[in-house]
1. Which of the aspartates and glutamates could be linked to A:Lys33 by a straight reach, that is with a Cα gap under 16 Å, when you skip same-chain ones fewer than 8 residues away?
2. Take the alpha carbon atoms of the range A:142-217, find their center, do the same for the range A:381-420, and report the distance between the two centers in whole angstrom.
3. Kirkwood Rh over Cα pairs of the range A:253-530 into Stokes-Einstein at 37 °C, 0.692 mPa s: D in µm²/s?
4. Please give me, ordered by residue number, the trypsin sites (Lys or Arg not before Pro) of the range A:592-634 that lie in loop per DSSP and have at most 12 other Cβ atoms within 10 Å.
5. For the range A:2-61, what is the charge dipole size about the Cα centre, in debye to the nearest 20, if Lys and Arg each add +1 at the Cβ and Asp and Glu each add -1 at the Cβ?
6. Considering only the other residues whose Cβ falls under 12 Å of the Cβ of A:Gly175, what net charge follows from Lys and Arg at +1 and Asp and Glu at -1?
7. Pull out the extension gain between A:Phe462 and A:Asn56, defined as 0.36 nm times the separation in residues minus the alpha carbon to alpha carbon distance; nm, one decimal.
8. Cα centroid distance between the range A:273-293 and the range A:5-57, in Å?
Amino acid sequence: MINIQLPDGGVKNFDGSVSVLEVAKGISPGLAKAAIFAVVDGVERDLNYVIDHDANLKLLTDKDEAALAVIRHSTAHLLAQAVKQLYPAAQVTIGPVIENGFYYDFSFERPFTLDDLAKIEKKMEALVNLNLPVERKELPRNEAIKYFDQIGEKYKVEIISAIPEDQIISLYTQGDFTDLCRGPHVPSTSKLKAFKLTKLAGAYWRGDSNNEMLQRIYGTAWRSKEELNNYLNMLEEAEKRDHRKLGRQLDLFHLQDEAPGMVFWHAKGWAIWQEVEQYIRKMYVKYGYQEVKTPQIVDRSLWEKSGHWEKFHEDMFSLESDGRHYAIKPMNCPCHVQIFKHGLTSYRDLPIRMAEFGSCHRNEASGALHGLMRVRNFVQDDAHIFCMDEQIQSEVMLFIDMLFEVYHKFDLGADGIAVKLSTRPAKRIGAEEVWDKAEQALTDALNAKGLKWELLPGEGAFYGPKIEFEVKDCIGRSWTTGSIQLDFSMPERLGAEYIASDGSRQVPVMLHRAICGSLERFIAILIEHHMGNFPFWLAPIQFVLLNISEKQAGYTEVVYNKLKNFGFRCKLDLSNEKINYKIRENTLEKIPYLLIIGDKEVEANQVTVRQRDGLDLGAMSVDELINHVANVIQ
RNA sequence: GCCGGCGUAGCUCAGCAGGUAGAGCAGCUGACUUGUAAUCAGAAGGUCGAGGGUUCAAUUCCUUUCGCCGGCACCA
């Protein structure tokens, strides 16, 4: 007798072993039909998993969010099956679930084409219509290796060979196709009814650029056609926020062939930049930073001392002049250490927080460049904190406060920010106890601030652990903006010291930190986050003045000058167009306030205010308008 | 850097099985003097990313190269 406990508290009894599907049928035929997979005693199982003991059972259908991962995984198998049928010479490798979908990597004699993709998708649909049952079987590891060796799947053999010998390997078969997989899977290919192959790409085997490049096919899969369409529409909408697109439409900046990865900032983009920079500068004052400025080009010997030349010279732009070798700085830290070293520093002076809007050049790999997100010349809101060991945690906490104050100011919500702690890598310098202390300090600071964070073991730099703050762009790619990084190496290498309370000379700890990361990247994030509708204080143009006919041109200009003298960024549109046209054009420019002036306004010494979202605030005097925006800014 | 795709007017894009290109919008000129998301008309605008090759003829085919896009790798 087997008792099966259901989530609603009910219990089903069976005389002997029973499959999940049979249990489902016992509950209701509808449930059995809709079921995708099950959780038995906390473990995900297929529907034909046989329960032979008392157990808790939860059935999941396509109504459950959790079904998505299973559907996606099964769709990846479906893709592989289709590829094998169409191109038997292709070798299968891995096909995991990712956010919103899946991919599968194949080794094939030639790259797949878009035509292939269409064919493969058709084949997948045909396989769905065949309603192929998906069946699990288990083999001892060595037999699994033998099996894949026999069918010539050498990548699978390699994968299984890395699994301990005593393990049982599970395989899933649908029709003529068998794949190595942990499962669970949908019971039949007919459950896969909303998928689309989205892109082709190259990808290195095992993620290592020394290895062969495989053909990766990406796809998305959902529980219903409706869900799929919603996703595709969402993607289409999201692409409209792309900062590269908006940068052109709003005339903020451009990039051109002659200066790859370097930005030409137009007046409107630069207005945003100035606001951001000035705001960050205010924060420096508030949080006790000193601002400095250091040279753009520095003799190579400094980079040799700092170790950058050895490790990164391929990414550095260098030049020769009058027989001397120079490098354009790829970072500011060695220069800041030079300022720190000037004169004697007492422990009483610590912490010293030294900030610079430092323009850096890095010769990034051509394939890495991406709009403003990844450029070759960028300005970091960089700062280095020189402090004593015992000050690390409080400095990190202060930095976190500052970071969130800044992000809040720009309307970047904390829930959109991923916090990651990267700890000691295999290759590293510094004593274990120093790493212990440093990692503990970072962990404690994160926890003290009540942040949700993710641990990335082994991802730290060789010279210290770090915390990174990541935000996503319009289509979900993650970019690091803020970071704070401990450095046990550079102060010593470059001979930075302070006089301790006992009169001895000590090497300070150095924290590298940035909030925006680079102003370029940060502004790109702002553009996408606000969809170009910048808050009033950031908007490149804050007011546009529109006269209805030539008659009001004089008065319109007076108001324009008045607002300009108050320091607002204004545009005067006296163009000889209908007011409808002018409203449309300036609304598309995403100017926060459109001030409309006709005879009525001239007479009453007012302006009629229309917001860019179409809301009509009615007529008011200029003073009232200024009051209004002051309230908006707070 | 690697794999694939792309590069035509300021922008968005069409075209060409090889016979030196076309639209809309913007810009320019003119008319209209306008009340809350596109007034009408006219003229103009391009060494089809760059170099080389094949050909009587190349924007179209081949090749090299640069840049961009999507991934991968990288991201101190």
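Nothing in this text is a laboratory measurement; each read-out follows from the coordinates by a stated rule. Only a predicted model underlies this, so the values are computations on that prediction, with no experimental measurement involved. Using ideal geometry, Cβ is built from the backbone for each residue, glycine included, and neighbour counts are taken over all protein chains shown.
1. A:Glu22, A:Asp46, A:Asp62, A:Asp64
2. 42 Å
3. Working: Rh = 19.5 Å.
For the chosen part, D equals 168 µm²/s.
4. Details: sites: A:Lys600, A:Arg610, A:Arg612; in loops: A:Arg612.
Passing sites in the range A:592-634 do not exist.
5. Values: 5 positive and 8 negative charges, 51 e Å.
So the dipole magnitude of the range A:2-61 works out to roughly 240 debye.
6. Values: positive: A:Lys84, A:Lys123; negative: A:Glu135, A:Asp176, A:Asp179.
Computed value for this residue: -1.
7. Working: separation 406, 0.36 × 406 = 146.16 nm, distance 4.74 nm.
Value of the extension gain: 141.4 nm.
8. 61 Å
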